[in-house]
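The values are calculated or read from the model by the stated rules, or taken from the named source; none is laboratory data. Owing to the predicted nature of the structure, the values given are computational and were not obtained by experimental measurement. For neighbour counting, all protein chains shown are included, and Cβ atoms are generated from backbone atoms with ideal geometry for every residue, glycine included.
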Amino acid sequence: MLSDILYVLIRLLVLPGFTFLLACALLFQWIDRRTIARLQARVGPPWYQPLADLVKLLTKESILPAEADLPICTALPLVSLAAVLTAAVYVPVGGHTTYSFEGDLIVVLFLLSLPALFYFLAGWVSVGVYSVVGGSRSLLQYFSYEVPFLMALSAPAILTGSWSISRIVGQQATATWTVFVQPLGFLLALVGLIGKLKRVPFDIPKAKSEVVGGPLTEFSGRKLALWHLTVDIQTVVGVFLLVNMFLGGSDLGPLSSLPLAGLMDALGFGLKALVMLLTLSVTSVLYARLRIDQLADLGWRVLAPLGMLQLAVTMLIGAV
Amino acid sequence: MTRVTIPIGPQHPLLKEPLSFMLTAEGERVVDSVLRLGYVHRGIERLAEERSWVQNVHLLERVCGICSHIHTTTYCQGVEALLELEVPPRAQMIRTLMCELERIHSHLLWLGVLAENVGFTTIFMYSWRDREMVLDIMEDLSGGRIAHAVNIIGGVRIDPDAEQLDSIRRGLDKLQQQVDTLLDVVQHERSLRVRTQHVGRTTKELVRRHCVVGPVARAVGIDEDIRRDAPYAAYDRLSFKVITESGGDVWATALVRVRETSESLSLCHQILDQLDPGDVATRAGRRVPAGEVVSRAEAPRGEVIYYIRSAGTDKPARLKIRTPTLPALSLLGEQLRDIKLADVPVVLSGVDLCIACADR
Amino acid sequence: MLNRLVQWARRRSPWVLHYNSGGCNGCDIEILDLLTPRYDVERLGILKEASPRHADILLCTGPVTRQSRDRLRRIYEQMPAPKWVVAVGTCATSGGVFRGSYNMLGGIDQVIPVDLYIPGCPPRPEVIIEGLARLLATIDVPEDKPPRDAAEPPAEQLKSVAADEGEASDDGD
């Protein structure tokens, strides 16, 4: 009994729970910043930089404008962080799933989209002009990328006939990786993820030269630290999710049958996650920021129809 | 739709210098703007009346940190005209060399700022990295990266030797390759073009009405350049093209500026090849005979005008500076009307404001 | 132990905010230059932030003009503690070449307390980095107090401190 509780606690708090995610988040942020710096002919921050930033922000004074709604402003970053952490519980890592049930994909997608809404709210309740403009931008952006993203991620589920992430992963090990069947869906999901994480070229809600810091302009100290952490963990979960849905999870093809299966699983999964992360980093070096109307055009005229096409093709194949 | 007032400045990541815009926006559309200046007003014109002719060279170099050399050049030319001084040809050449190096520095800096404002950090990093090469050359020549203190009344302070000239040539050649790359990027990079083409579009009439000068005017096809139209320093002995475009949008001004950089590099090579031997300065007296003079020069941003009046003492009786940013600000008032909020940084970059110059 | 960690973090993660209160651009472009490939201060964890609320160090350039004064003070007050102010350039240090003008208050320390002066017209990026490194080396979180109390006194107090200092140096001139 006691050992059961202990077991659950360890899974939730250490591996693959909070501690593991935190480590991944900091590591990913460092790899990301370092890659971007290298591509821009710079050196970039040392490996401990994300940790130093986090600790520093956590111990700074936290002030808000007098007109801001203090309880909500305090709650929002916490709730967002909780949402992405909960989502992480259902995403398999290296072939291991903490919790899994039929339909967990939908829960994960829902939880992953929550921070965007809270981000908008954060801008709204912290009342600064830039916050409000940034907030409304983030909402507009949300409607542009979310639909294609959802369609792209539904396609593998329809293909497999299951809404459980671990089943979709398992299916890919026996057949082939989804990315080879649905390259278009993979691209859409990638673009959607970039939008979700508000990275260049979709960093519209927090565009420095237009709206200063966007919805987070007025946040400081601990609250800001939690917001940053939310985005970092969202990055980790998003990357893990895409690896699971499209790149076959920890499956390494013929190499999977080698001895030390557990190690190979971890290695395969880590490698794929790294590739995904590097793709994100490289993308953000290559583009200028889009305008919000250009993004809406892209979202509704290009991405959404493509998503529908992907879905339709998948359904047709399923029917045949 | 409800109207919001969005303040831009005086502290805003978009601005490197303090000025303040109150933008009235309906959603993402800016309908009107109110400009407030004066944050950088240091009273330089008044200060200049209290300082001697020689001290003023030092003071006027600090009107603006980006185009510091052009200010001292214009001032010294004016004073030299009042003194009826013959400036040695070598000094004229070195002055011109610094002017062109400064133009390269200013234009590369501008490209970086534009890129940063549209969220393209990579181009910002690359163009500023290349700018370091010009700064190195200028430092090698004068000892200063930003403030060069090259001009003195009657000539220049520096006299580069053959070895220095060779190293400058090597630096310029390296820079030429980088500028070609940057031109290629500006011409062909999709996402940069999407953000700058058809944005901040001006017309010839608008430019004329607001008396806008420099790259912005040349981007609508107005073929004007003080270097060619009213040659000063050594420009009458050098050959160069005045770059014009017809688009009138921010993209066109970017093309003008990057091409001008290329042209400046070729000017530098010409100067290095034709550099006359001889003195670099003539002695100037402490007192300047009474009279008045207007001195003009082509700064990286357009025409700079100095009006100088002497009462025959060791100080100017009146010094008036007109910089290209003044008409640009007036044009900006029209440009920041009925545009998208996200285009504001692009339009602002396009006219290349230098508030330190305008406020003085 | 915890205080050691906080001290370590604060020394390695200084986010800066830049405000030009009336300078000529010279120092400003050298500060921007810090971010670019040759100097790349992200190596030291320095990021240039856009909002005063996110920043730890205020990099001030230029002398303070009358019109800039209130804004400078306001930006300083918007920053969360602990915070530091660095005056970059001769003008920010003393008013420099513009001293004596009718629109000038003098250096940054006439308005807000300054922790570090970096003279030079303009100071080279290397010098600014060296100055920042020295400032960071002085950041302490005393062992006997929790980090939160070790922070600077609240803004109201600081304002009065600033006013006192301003008057004091006025007398000195």
Cβ-Cβ under 6 Å pairs, at least 6 apart or on other chains, the range B:276-297 side on the phi > 0 side of the Ramachandran plot, far side part of a strand (DSSP E or B) and surrounded by 14 or more Cβ atoms within 10 Å (Cβ to Cβ):
B:Gly291/B:Ser310
Complete set of residues in the range C:32-78 that are in contact (Cβ under 8 Å) with a residue 24 or more places away in the chain, β-branched (Val, Ile, Thr) and within 11 Å of chain B (Cβ to nearest Cβ)
C:Thr61, C:Val64, C:Thr65, C:Ile75
Within the range B:260-309, take every residue that is of a type in the set (Gly, Ala, Ser) and either at pLDDT 90 or above or closer than 19 Å to B:Lys241 by Cβ (or both) and give me the one that is surrounded by the most Cβ atoms within 10 Å (Cβ to Cβ).
B:Ala299
Within the range C:3-13, is even one residue in contact with a strand residue (DSSP E or B) (Cβ under 6 Å, 6 or more places away or on another chain), outside any helix (DSSP H, G or I) and facing another protein chain (nearest Cβ under 8 Å)?
no
What's the number of the only condition in (1) buried (at least 23 other Cβ atoms within 10 Å of the Cβ); (2) free of Cβ contacts under 8 Å to residues at least 40 places away in the same chain; (3) within 27 Å of A:Gly221 (Cβ to Cβ) that C:Asn25 fails to meet?
(3)
Flagged pairs (Cβ under 8 angstrom, 6 or more apart or on separate chains; first in the range B:212-225, surrounded by fewer than 24 Cβ atoms within 10 Å (Cβ to Cβ); second of a type in the set (S, T, N, Q) and not in a helix (DSSP H, G or I)) are B:Gly221/B:Thr244; B:Gly221/B:Ser246; B:Ile222/B:Thr244; B:Asp223/B:Thr244
Which condition does B:Arg95 not pass, out of (1) closer than 30 Å to B:Ser266 by Cα; (2) surrounded by fewer than 22 Cβ atoms within 10 Å (Cβ to Cβ), if it passes all the others?
(2)
Within the range A:275-295, does at least one residue satisfy the condition of being closer than 23 Å to A:Met151 by Cα and of a type in the set (Gly, Ala, Ser)?
no
Residue tally, condition on the phi < 0 side of the Ramachandran plot and crowded, with 21+ Cβ neighbours inside 10 Å, over the range B:173-209:
10
Looking at the range C:122-134, which of its residues are more than 14 Å from chain B (Cβ to nearest Cβ) and in contact with a Leu (Cβ under 6 Å, 6 or more places away or on another chain)?
C:Gly131
Yes/no for A:Pro50 being within 14 Å of chain C (Cβ to nearest Cβ), under 18 Å from the mean Cα position of the chain (by Cα) and either among the polar types (S, T, N, Q) or within 25 Å of A:Lys196 (Cα to Cα) (or both):
yes
Is it the case that B:Asp273 is part of a helix (DSSP H, G or I), within 14 Å of chain A (Cβ to nearest Cβ), over 25 Å from C:Ser21 (Cβ atoms) and not hydroxyl-bearing (Ser, Thr, Tyr)?
no
Count of the range C:35-67 residues which are over 19 Å from A:Val211 (Cβ atoms) and either assigned to a strand (DSSP E or B) or in contact with a strand residue (DSSP E or B) (Cβ under 8 Å, 6 or more places away or on another chain) (or both):
13
Being crowded, with 20+ Cβ neighbours inside 10 Å, under 18 Å from C:Ile29 (Cβ atoms) and aliphatic (A, V, I, L, M) narrows it down to one residue among B:Ile168, B:Ile153, B:Ile137; which is it?
B:Ile137
Are any of the residues in the range B:326-337 within 14 Å of chain A (Cβ to nearest Cβ) and modelled with pLDDT under 85?
yes
Criterion violated by B:Leu47 - all others in (1) at the interface with another protein chain (Cβ under 10 Å from one of its Cβ atoms); (2) in contact (Cβ under 8 Å) with a residue 24 or more places away in the chain; (3) touching a Phe, Trp or Tyr at 6+ places or on another chain (Cβ under 8 Å) satisfied:
(2)
Restricted to the range B:123-152 and to residues being part of a loop (DSSP other than H, G, I, E, B) and in contact with a helix residue (DSSP H, G or I) (Cβ under 8 Å, 6 or more places away or on another chain), the residue farthest from the other protein chains (Cβ to nearest Cβ) is B:Val150
Would the range B:188-197 turn up any residue that is assigned to a loop (DSSP other than H, G, I, E, B), modelled with pLDDT under 90 and more than 16 Å from B:Arg103 (Cα to Cα)?
yes
Scanning the range C:81-100 residue by residue, the ones that are within 14 Å of C:Gly22 (Cα to Cα), within 10 Å of another protein chain (Cβ to nearest Cβ) and either outside any loop (DSSP other than H, G, I, E, B) or among the small types (Gly, Ala, Ser) (or both) total 7
Would you be able to say whether some residue in the range C:101-121 is within 14 Å of chain A (Cβ to nearest Cβ) and modelled with pLDDT of 90 or more?
no
Only one residue in A:Phe219, A:Phe240, A:Phe269, A:Phe246 is surrounded by 22 or more Cβ atoms within 10 Å (Cβ to Cβ), over 24 Å from A:Leu150 (Cα atoms) and either away from chain B (no Cβ under 14 Å) or in contact with a Pro (Cβ under 6 Å, 6 or more places away or on another chain) (or both). Which one?
A:Phe219
Please pick out the residue among B:Ser239, B:Ser246 that is surrounded by fewer than 19 Cβ atoms within 10 Å (Cβ to Cβ), within 22 Å of B:Val194 (Cα to Cα) and small (Gly, Ala, Ser).
B:Ser246
Can you name the residue in the range A:169-212 that is within 14 Å of chain C (Cβ to nearest Cβ) and out of contact with any helix residue (DSSP H, G or I) (no Cβ under 6 Å at 6 or more places or on another chain) and, of all such residues, is modelled with the highest pLDDT?
A:Asp203
